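None of the figures in this text is laboratory data; all of them are computed from the coordinates on show. No experiment lies behind these values; they were computed from the predicted model shown. Ideal geometry is used to build each Cβ from the backbone, glycine not excepted, and the neighbour counts take in all protein chains shown.
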Amino acid sequence: MAHSKSALKRWRQSIEARDRNRAVKSRTRTLLTKALASIGSDVDSAEEDVRAAISAVDKAAQKRIIHANAAARVKSRLLKRLNIAQAGAVASAASGTPVTKAPTKRAAPKAAAKTTRPRAKKS
């Protein structure tokens, strides 16, 4: 707990700022989730949701609620997914086979480790 008057005031201010920042972060996360869901389901209408999400991320970075580099990273990843999904939609339209959603990175399952020593035989 703070001991001086100035520290108490600063603590009160930080609580108010945290509440304001929490609302902006929550809105940004919600818009990002909506954008990712629309990219996965309907690529044609996803562009509007992606624009709204990017706008929210930019505003949060402008207010310094999130770091500018974090905002750039989020926008880059989002646009990369959108571009992959749109390219897949164009390719599927050209070939006639439907593509349901954008590919995601998944780690390959690890193979079981083989032992080099022979096991001891039971007598």
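Remarks
- Ascending count of other beta-carbon atoms within 10 Å, so fewest first, for V74, V50: V74, V50
- Annotation: amide H of I66 within the under-5 Å range of A61, sequence separation 5 or more or interchain, hydrogens built in the peptide plane.
- Note on segment 22-83: semi-axes of the ellipsoid equivalent to its C-alpha gyration tensor, largest first and rounded to whole Å, are 20, 12, 8.
- The ranking of H3, H67 from fewest to most other beta carbons within 10 Å of each one's beta carbon is H3, H67.
- Under the combined filter of DSSP loop state and at most 16 neighbouring Cβ atoms within 10 Å, segment 1-69 retains these trypsin sites (Lys or Arg not before Pro): K63, R64.
- Rounded to the nearest Hz, the phi-derived 3J(HN,Hα) couplings of segment 89-96 under the Karplus curve 6.51 cos²θ - 1.76 cosθ + 1.60 (θ = phi - 60°) are 5, 5, 5, 5, 5, 6, 8, x, where x marks glycine and proline.
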